[in-house]
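See structure below.
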Amino acid sequence: MAPSRTARCPSPATRRARAQAKANSGTFSFSSPATGPLAADLATYVVVLEGTATKLDQTRVFRAQVSPSDVIHDGQLIVEGCPFAEADMQSNGTIALKVSLKQWLDQVDFDEVPASKDGKPALVDPSSVAFNQLARGVKVGASYTFTFQPRTLMKCSLRTSFLVGACLLSAIGCSSSDATGTGSVSFSIWGEPFIEDNIPADKVEDGWTIKYNKFLVTLGPIRVADSSGAVVSEMPGSKLFDMTKPGVKPVVSFSAVPAKAYEQVSFDIAPATAATELAVATEADKQLLIAGGYSIYVDAVATKGAVTKTYKWGFKTATAYRQCKGDVGGKNLDGVLVTNGGTDDPQITIHGDHLYYDDLQDPESKVRFDNIAAADADNDGIITLAELGKVELAKIPEEKGAYGTGSAQGVNDLEAFHTALSRTIGHWRGEGECFSTPR
């Protein structure tokens, strides 16, 4: 769905800067309260966005108002890791900031935005998933690009339909490593203690202890790309890991990578094939996944008092995790940053507790097992996905879990719900996140 656009640009004077070095990424701050000729339009917001989104015969006329609290980072209104087009800044000149509306709106589900009743823009609810998706896009460094033009003032090149507090900047800070030379990127994967040991009863809302005997994940491809999408390094195939095996596991290393920021890092979790390599797994594991068409397979036991339940679930989902962002040295970093002679070592972290969340999108969702245990209709102590498929979400009492599905379609029973949760197990650098979409 594409928004309409009109031009509103800051004066060149707000974008002048003097620099004495090379840079490959930048940091800028939103201004709040706004100053300058557009301050009245922004009011207390840092971004005001209006447009029309269309899909087939559907139309949404919308207005989104992003507050400082929606984009604050570590107590500051900053966006870090913005790509800086390589330039030798040895003289006075002009730094221009280009905003990518495509990055802002790429993940926004406009189906959640109410239709206008009078032709006027409908306000996007700040508590909605659509608004959160927009706010995340606004905070991503890949949404912005700095360029430098020596000596001459650049004409305004922003042709977009928005007001941005950042365009009324009081300062732009440029930072980064030397843009010359090469370095390395070394990927690893880890299942955390929840997979290697267990999920203890005090971490489960209804008091179950969950122990994995096997947790198989087929990982790959992996791609490292810059803000333009140009891929510099790739692991084209897939590798199989049993995440119950202890320790951080190496996946792949790329050497001689040009030193710069690579904001577009992605990986897939998809069904195993004959070409899938055995990393930390057995041939029997691989054949099990191929026979079932699985990307993920868990063999586990849950206990509560004298009650024991076992289950073996295979998921056929193929999921792409992209635009990954996570903590590095106390700062959120988009993708990876390769420095001259250095190594970035991002970890793909598999979260085993996510398979039991009671909401697909709520960050405050709870880990629950009572409803899963109750699905064992024949009481044989074995819970199958088919049994989960007979439990309708609408019939689960509210006190037993929210089981919110957000904008997900066709998720009406526990089997579909936990299959959807299998798309959320992949994380970046521990608690960092990626956009996950069906492949």
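Worth pointing out:
- Considering region 39-61, the residues that are surrounded by 14 or more Cβ atoms within 10 Å (Cβ to Cβ) and at pLDDT below 80 include one that is farthest from Ala122 (Cα to Cα), namely Ala39.
- Here the condition is being closer than 17 Å to Ala375 by Cα, modelled with pLDDT of 95 or more and surrounded by 19 or more Cβ atoms within 10 Å (Cβ to Cβ); of His427, His418, it holds for His418 alone.
- Among the residues of region 283-296, those identified as surrounded by 13 or more Cβ atoms within 10 Å (Cβ to Cβ) and within 21 Å of Ile189 (Cα to Cα) are Asp285, Lys286, Leu289, Tyr294, Ser295, Ile296.
- Only residues that are of a type in the set (Val, Ile, Thr) and within 23 Å of Ser253 (Cβ to Cβ) were counted across region 207-223, and they come to 3.
- The listed residue being in contact (Cβ under 8 Å) with a residue 40 or more places away in the chain and crowded, with 19+ Cβ neighbours inside 10 Å, out of Leu337, Leu388: Leu337
- Checking the stated criteria, Ala135 turns out to be outside the structural domain of Val336 (by TED's automatic domain parsing), of a type in the set (Gly, Ala, Ser), modelled with pLDDT of 75 or more and under 21 Å from the mean Cα position of the chain (by Cα).
- Qualifying residues in region 264-281 (those that are of a type outside the set (Val, Ile, Thr) and part of a loop (DSSP other than H, G, I, E, B)) - the one farthest from the chain's Cα centre (by Cα): Ala274
- Screening Thr384, Thr349, Thr419 for residues that are among the polar types (S, T, N, Q) and under 18 Å from Ser188 (Cα atoms) leaves exactly one candidate, Thr349.
- For region 237-250, the count of residues that are at negative phi, surrounded by 20 or more Cβ atoms within 10 Å (Cβ to Cβ) and of a type in the set (Asp, Glu) is at least one.
- Count of residues meeting criterion [modelled with pLDDT of 75 or more and either in contact with a helix residue (DSSP H, G or I) (Cβ under 9 Å, 6 or more places away or on another chain) or of a type in the set (Gly, Ala, Ser) (or both)] in region 66-99: 15
A quick yes/no check of all residues on (1) in contact with a helix residue (DSSP H, G or I) (Cβ under 9 Å, 6 or more places away or on another chain); (2) under 16 Å from Ala261 (Cα atoms); (3) modelled with pLDDT under 95:
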| residue | (1), (2), (3) |
| --- | --- |
| Ser161 | yes, no, yes |
| Ser177 | no, yes, yes |
| Val185 | no, yes, no |
| Leu240 | yes, no, no |
| Met243 | yes, no, no |
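- Check on Lys102, modelled with pLDDT under 80 and part of a loop (DSSP other than H, G, I, E, B): no
The values are calculated or read from the model by the stated rules, or taken from the named source; none is laboratory data. Predicted model only: the values in this text are computed from it and were never measured. Methodologically, a virtual Cβ is constructed for each residue, glycine included, from the backbone with ideal geometry; neighbour enumeration extends over all protein chains shown.
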